[in-house]
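Written below as structure tokens is the structure these notes are about.
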Amino acid sequence: MIIAVTYENEKVFQHFGHAENFKIYEVDNGVVKSGKVISSNGQGHGALSRILKELNVDCLICGGIGGGAINALSEYGIKVFGGVVGSCDDAVESFIKGELKYNPNVKCSHHDHNHSDGHKCGDHGCGSGNCGGH
């Protein structure tokens, strides 16, 4: 599984469409095998979605994200876990354990980027962190 996280100074960056970097994690059997920071060159959400597709990303962990970006990522089969705050590494570890706190209904209005309702991965029955239900 490949997980991408919007990245700035080790933290989850709070605006997908303006993300200049992603941290890309390769996860195998519940263990992080590698993590590397890549530059997006600040391309905008359409190009960012294509970059993630080209990297074979399975899911994205991010802060705020707009509906258009969610739709573009969905078309590429990338699951979105938005409304996440804090350390990128901690978010990925929580995701793997099925304990990631995120907002399944996150929609960024470009003005309010603190979208967290305390939803945990697993509350809807996936439990494994592979959230096929989203």
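Against the test of being surrounded by 14 or more Cβ atoms within 10 Å (Cβ to Cβ), within 12 Å of residue 92 (Cα to Cα) and either in contact with a Ser or Thr (Cβ under 6 Å, 6 or more places away or on another chain) or touching a residue at least 12 places away in the same chain (Cβ under 8 Å) (or both), the options 4, 19 yield a single qualifying residue, 4.
Would you please name the residue that is surrounded by the fewest Cβ atoms within 10 Å (Cβ to Cβ), looking only at residues in the stretch 22-48 that are at negative phi and among the polar types (S, T, N, Q)?
The initial filter retains those residues of the stretch 22-48 that are at negative phi, namely 22-28, 31-40, 43, 45-48.
Subsequent filtering for residues that are among the polar types (S, T, N, Q) retains 34, 39-40, 43.
Numbers: 34: 10, 39: 12, 40: 19, 43: 15.
Residue satisfying both the conditions and the ranking: 34.
Residues that are over 11 Å from the mean Cα position of the chain (by Cα) number at least 2 in the following strands (runs of 3 or more DSSP E) confined to the stretch 1-107: 21-28, 31-39. Among residues of the stretch 65-82 that are free of Cβ contacts under 8 Å to residues at least 60 places away in the same chain, those with a Cβ under 7 angstrom from a residue that is small (Gly, Ala, Ser) and surrounded by 13 or more Cβ atoms within 10 Å (Cβ to Cβ), sequence gap 6+ or separate chain, pair up as 65/82; 66/17; 69/17; 69/49; 72/49; 73/49; 76/49. Scanning the stretch 13-39 for residues that are touching a helix residue (DSSP H, G or I) at 6+ places or on another chain (Cβ under 6 Å) and closer than 17 Å to residue 64 by Cα returns 16, 17, 23.
Here, each number is a calculation from the coordinates, and none is a lab measurement. Only a predicted model underlies this, so the values are computations on that prediction, with no experimental measurement involved. Quick reminder, even Gly has a Cβ in these numbers, built from the backbone with ideal geometry, and neighbours come from all protein chains shown.
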